[in-house]
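Some notes on the structure that comes next.
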Amino acid sequence: MSAAERQRTCAACGGEFGAGERTDIEALLDGVVRYVAVHAGHSTFPPRPSDAGMRKNAA
């Protein structure tokens, strides 16, 4: 069973996974290594400062 099937929702946004939807896996370190599923393109990690600057300039 995949992480997405076990979780049923995205660890980043909380939205449900659709049938056959592409997902990504991220490592979550909280004393134990765990793997969480997220929608493709989503992340549980904070954006890097350089990424935030690019989004600001694009707007």
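Descriptive notes on the structure:
- With the highest mean first, a sort of the peptides 19-26, 5-12 on other beta-carbon atoms found within 10 angstrom per residue produces 5-12, 19-26.
- Semi-axis lengths, Å, the stretch 1-45, gyration tensor of Cα atoms, sqrt of 5 times eigenvalues: 17, 11, 8
- For the stretch 1-45: relative contact order, % (alpha-carbon pairs under 8 angstrom, 6 or more apart): 41 percent
- Residues whose placed amide H lies under 5 Å from that of LEU28, excluding near-sequence neighbours: ARG34, TYR35, VAL36
- With θ taken as phi - 60° and the Karplus curve 6.51 cos²θ - 1.76 cosθ + 1.60 applied, the whole-hertz 3J(HN,Hα) list for the stretch 24-40 is 10, 10, 10, 7, 10, 9, 9, x, 9, 7, 10, 10, 10, 9, 9, 4, 4 Hz, x standing for glycine and proline.
- Ranking VAL32, VAL38 by solvent-accessible area of protein heavy atoms (1.4 Å probe, all protein chains present), from largest to smallest, gives VAL32, VAL38.
- Taking the Cα centre of the stretch 1-45 as origin and assigning +1 to Lys and Arg Cβ atoms and -1 to Asp and Glu Cβ atoms, the resulting dipole is close to 60 debye.
The values are calculated or read from the model by the stated rules, or taken from the named source; none is laboratory data. Everything numeric here is computed off the predicted structure, so don't read it as measured data. Here Cβ is always computed from backbone atoms with ideal geometry, including for glycine, and neighbour counts include all displayed protein chains. Calculation scope for accessible area: heavy atoms of the full protein, side chains included, ligands and nucleic acids excluded. Shrake-Rupley method; radii C 1.70, N 1.55, O 1.52, S 1.80 Å.
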